[in-house]
Amino acid sequence: MKNLLEYILKGIVKNPNEVVVLEFEEDDKKIFEISVNPEDVGQVIGKDGRTIKSIKILLSSITDESDFILKVVR
Amino acid sequence: MTHLRKITITGKSVEEILTVFEEDYDIEKDEYSYQIIDKGSAGFLGIFARDAVVEVRIKKEYYERKLQEFVENIVSYFDPQIVVKVKARNPRNFVAKIEGGGIGKIIGKHGKGLGALQHLATIFLNRLSDTKVSVIIDAGDYREKRKESIEKIVKSALEKLKENGTKKVELDPMFSFERRLVHEILKKHKWVFSYSVGIEPYRYVVIERRDKNESVNPRKNRAYNN
């Protein structure tokens, strides 16, 4: 799942080399912490969060679980 | 216009410019054309040396291949058997058709997954091009079937409005092209009017019965706001 997340992110940002994804668990919940170049933050989240939601939809339909959190950090 | 991006590159020699460009863009020889603006010159003992300048135009074939790779890579996580076929109807509109056993999982409930994939693929391709391009992801005959079911949804909503005293009916969230289709169908039914409310991706259509004393004309002024 992390690989696919990284692949999608690198495809949509201006600075693919600065995409970093950290995967860890917190309170029994899987968290993916995404950090990108500041100018790409808006792109990754999208208008009304549409892009990050789209990513979440794809990831959850692959694994049949939606119990994870995508976090974009600045 | 057959190219989607034009770039001017400066370098030591034409040959070097093109080699670096091909590597940077991962582009094949037949996917671009170029024009030499200045051949450049090594000068005499380094004096009067001049850089070469080349203008490169990237063709739609490059975008077809890139989009195909992007979609293929994503769907392979669902099912490696899924086949992706990309075709550019023209340099602005790309269609990626996905076929195979596992596509049901990608389509998702109400085509949510399909919409998500389409949204991401559109961003991906637009990042590579200068002009705005649109991407449509079509899974099997999903869109055709969805059209039929939308017609049914509208029909049953109209029946609801007709039979009991309901004044308005709210439909489930739909994609913009689906909502447009709903509005399109309802045009033929003068006794109702429709509009969309909510924020993407949960935007949905509302169908309301027209008051008897309300004339049909204001309809023309009403913005669709699809």
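The values are calculated or read from the model by the stated rules, or taken from the named source; none is laboratory data. As the structure is a computational prediction, the values presented were derived from the model and not from experiment. Here the Cβ is made from the backbone with ideal geometry for all residues, glycine too, and neighbour counts use every protein chain on show.
Numbers below:
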| read-out | value |
| --- | --- |
| Residue ID - surrounded by the fewest Cβ atoms within 10 Å (Cβ to Cβ), chosen from residues in region B:151-186 that are touching a residue at least 12 places away in the same chain (Cβ under 8 Å) and assigned to a loop (DSSP other than H, G, I, E, B) | B:Lys167 |
| Considering residues of region B:92-117 that are closer than 24 Å to B:Glu31 by Cα and not aliphatic (A, V, I, L, M) only, the residue surrounded by the most Cβ atoms within 10 Å (Cβ to Cβ) | B:Phe94 |
| Selection from region A:35-50 of residues that are crowded, with 19+ Cβ neighbours inside 10 Å and either over 17 Å from A:Glu18 (Cβ atoms) or not β-branched (Val, Ile, Thr) (or both) | A:Asp40 |
| Condition met for A:Glu25 (part of a helix (DSSP H, G or I), of a type outside the set (A, V, I, L, M, F, W, C) and either out of contact with any helix residue (DSSP H, G or I) (no Cβ under 9 Å at 6 or more places or on another chain) or modelled with pLDDT of 95 or more (or both)) | no |
| Lone qualifier among B:Arg89, B:Arg146 - being of a type in the set (D, E, K, R), surrounded by 15 or more Cβ atoms within 10 Å (Cβ to Cβ) and more than 14 Å from every other protein chain (Cβ to nearest Cβ) | B:Arg146 |
| Matching residues, region B:140-180, being within 18 Å of the chain's Cα centre (by Cα) and of a type outside the set (D, E, K, R) | B:Gly140, B:Tyr142, B:Met174, B:Phe175, B:Ser176, B:Phe177 |
| Qualifying positions in region B:90-120 - under 14 Å from A:Ser54 (Cα atoms) and of a type in the set (Val, Ile, Thr) | B:Ile106, B:Ile107 |
| Residue ID - nearest to the other protein chains (Cβ to nearest Cβ), chosen from residues in region A:22-68 that are touching a residue at least 12 places away in the same chain (Cβ under 8 Å), within 15 Å of B:Tyr77 (Cβ to Cβ) and among the β-branched types (Val, Ile, Thr) | A:Ile62 |
| Selection from region A:1-56 of residues that are of a type in the set (S, T, N, Q) and under 18 Å from B:Gly113 (Cα atoms) | A:Thr51, A:Ser54 |
